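The values are calculated or read from the model by the stated rules, or taken from the named source; none is laboratory data. Values in this document were obtained by computation on a predicted structure and should not be read as measured data. Ideal geometry is used to build each Cβ from the backbone, glycine not excepted, and the neighbour counts take in all protein chains shown. Each accessible area value is taken on the protein alone, full model and side chains, heavy atoms only, with ligands, DNA and RNA left out. Shrake-Rupley method; radii C 1.70, N 1.55, O 1.52, S 1.80 Å.
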Amino acid sequence: MTDTPRHQGLRNKLVAELKNKGITDPKVLSAIASVPRHLLLESAFEPHAYQDKAFPIAAGQTISQPYTVAFQTDLLAVKKGDKILEIGTGSGYQAAILYHLGAKVYTIERIKELYLKAKKNLEKINVRLKYMGYGDGYKGLPLYAPFDKIIVTAAAPYVPESLIDQLNPGGRMVIPVGQGSQEMKLIEKTSSGEIIETTHGMFKFVPMLKNKA
Ligand code: SAH
């Protein structure tokens with residue numbers, strides 16, 4: 001599979017759809033217009049790659065809906081050069097969007113098969129992350145901490161303390177919390193280290209898997 005003008009046309013349509021749904025940041029929209037989502041999906045889903053829907057990837061996991069990716073990215077308020085930790089690499093789509101926004105991206109995935117697949121697919125589309133690892137999101141990435149931003153892309157039962165610890169003062173974390181459906185939480189750490197939490201609507205994610213043995 002390759003990227004073609006037809007795929008670009010479908011991406012432009014998707015961007016228009018996301019605009020209608022309330023995504024306004026031109027940088028986020030331009031990242032959506034740039035990342036070849038169809039090259040991160042199984043070929044059977046290629047015809048649907050630019051619908052605003054979540055799709056199965058492998059191991060019972062999903063690639064997030066473009067609207068959700070755009071919404072979380074918007075809330076994260078990504079600036080060029082931000083050092084960002086993503087929990088739940090999945091297909092690599094969200095990581096590719098952050099890369100296109102000029103972020104230094106660190107991402108971890110709990111399922112080895114997906115980690116390997118995302119590594120291969122992101123190389124194929126020339127997305128260069130700072131770090132991709134097979135690891136446990138509950139622990140974060142202490143070796144590379146602190147981060148300016150943290151984004152969790154699986155449903156967390158609670159906000160892991162280790163992730164709050166790994167956030168820089170002035171940093172932001174976006175994390176869906178809850179069982180069944182999730183509240184999108186924005187956690188801001190002020191320059192004095194105070195934690196401010198706000199909620200931003202309901203979403204549905206696959207559950208964050210328990211700690212690795
Ligand atoms: N960001 C992804 C969305 C993938 S769905 C994308 O753009 O495609 C959520 C992902 O989180 C799944 O791949 C799942 O395996 C992973 N995950 C679940 N629990 C995790 C954990 N404890 N640590 C790291 N990743 C986890």
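Remarks
- The set of residues from region 72-95 being open to solvent by 10 Å² or more (accessible area, probe 1.4 Å) and away from the ligand (no atom under 11 Å from the Cβ) comprises Asp74, Leu75, Ala77, Val78, Lys79, Lys80, Gly81, Asp82, Lys83.
- Among residues of region 125-142 that are among the basic types (Lys, Arg), those with a Cβ under 8 angstrom from a residue that is modelled with pLDDT under 95, sequence gap 6+ or separate chain, pair up as Lys139/Asn211.
- Being open to solvent by 70 Å² or more (accessible area, probe 1.4 Å) and of a type in the set (Lys, Arg) is a condition met by no residue of region 35-48.
- Pairs where the first residue, in region 57-79, is within 14 Å of Lys204 (Cβ to Cβ) and among the hydroxyl-bearing types (Ser, Thr, Tyr) and the second is open to solvent by less than 30 Å² (accessible area, probe 1.4 Å) and away from the ligand (no atom under 13 Å from the Cβ), C-beta under 7 Å, 6+ apart: Tyr67/Leu18; Tyr67/Asp52
- Here Thr199 meets the list (1) farther than 14 Å from Ile87 by Cβ; (2) within 16 Å of the ligand (Cβ to nearest atom) almost entirely, failing just condition (2).
- Cross-chain or 6+ apart pairs with Cβ under 7 Å, region 85-113 first and without any contact (Cβ under 8 Å) to a residue 40 or more places away in the chain, then in a helix (DSSP H, G or I) and near the ligand (Cβ under 9 Å from one of its atoms): Val105/Ala95; Thr107/Ala95; Ile108/Gly137; Glu109/Tyr115; Glu109/Ala118
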